[in-house]
Structures are given as C-alpha cells and as structure tokens.
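Visitor: The structure's right below; bear with me while I get my questions together.
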Amino acid sequence: MGEEKTTDATVVSIGDVLSGTVEHIAPYGAFVRLDNGQKAMVHISELSYNFVKNVGDVLTLSQQVTAKVIKIDDKGRIDLSIKALQMKEPRPVRREEDFEKKLTSFMKQSDEKIADLNSKVRDSRGGKKRSGKK
C-alpha cells in the first residue's frame with residue numbers, strides 16, 4: 001500500500017482527478033502544484049487532443065487546472081493528463097459516396113488533361129501552318 005511516495009497524508013493513485021495551480025511552464029510541459037501540496041507534471045502531449053506547438057498557448061502561470069493522474073513512477077513523480085478529461089472530437093466519417101465523388105472528379109480531370117495533351121501533340125506534328133519567308 002505504501003508504494004506511492006507522498007509529501008502529504010493524502011495518497012494519490014493512478015486514475016484520480018486532481019486540481020492544482022500551474023507553477024512553471026517549460027517547452028515540454030507544465031508543472032502543477034496540486035491542492036494537496038504535491039508537485040506534478042503535464043507533458044505537452046497530454047494538454048489537448050489538438051496539436052500544441054507551445055505550452056503557453058494552452059496554459060498560463062497561476063492558472064487553476066483539473067487533470068487526471070496517468071502515471072506515478074518509482075521516484076513518486078506524478079504525471080497528469082488534461083486531455084484525458086476532455087471530450088475527444090470524433091473524426092468525420094468518410095463515406096463511400098465521398099470517395100465515389102472524388103474518384104469521378106479525378107477521372108474527369110484526368111480525361112480532360114489527356115485530351116488537352118493529345119491535341120497539343122497533334123498540333124505540333126504539322127497542324128500548325130508555317131509562314132514562308134518573303
């Protein structure tokens with residue numbers, strides 16, 4: 001039972017949802033002081049389901065956050081995830097009819113390009129009239 005090291009009487013377990021305050025922002029994530037006094041980190045990949053280039057675009061110093069505990073390592077370091085508490089936006093389902101429309105459009109454009117190239121080839125083989133010198 002005493003596997004997780006804590007600085008407080010509060011035991012933190014994987015899966016717990018905790019609140020805290022952002023204390024430090026680094027290029028790779030943010031450090032959060034939990035309400036129970038412990039320190040935890042949110043990796044940049046755990047901030048949002050959307051691409052995050054800069055941690056400061058999502059979090060600010062002293063911001064209150066709620067996150068889920070996703071890992072506690074052998075040294076007692078706590079990893080959090082904010083995105084685990086967010087609703088994941090479903091990706092649009094691609095239907096066969098969309099594929100059929102794209103395929104039809106591609107085939108039409110391809111046929112037009114081939115016809116255009118064929119007409120240019122025919123014109124360059126003698127379809128153009130040469131003007132004589134005067």
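Visitor: What size of dipole, in debye to the nearest 20, comes out for the range 17-85 about its Cα centre when the only charges are +1 on Lys and Arg C-beta atoms and -1 on Asp and Glu C-beta atoms?
Guide: Roughly 40 debye for the range 17-85.
Visitor: Evaluated at 25 °C with a viscosity of 0.890 mPa s, what Stokes-Einstein diffusion coefficient in µm²/s does the range 17-85 have when Rh comes from the Kirkwood expression over alpha-carbon pairs?
Guide: It comes out at roughly 209 µm²/s.
A short reminder: the numbers here are calculations on the coordinates, not readings from a lab. Every value quoted in this text rests on a predicted model; they were computed, and no experiment measured them. Here Cβ is always computed from backbone atoms with ideal geometry, including for glycine, and neighbour counts include all displayed protein chains.
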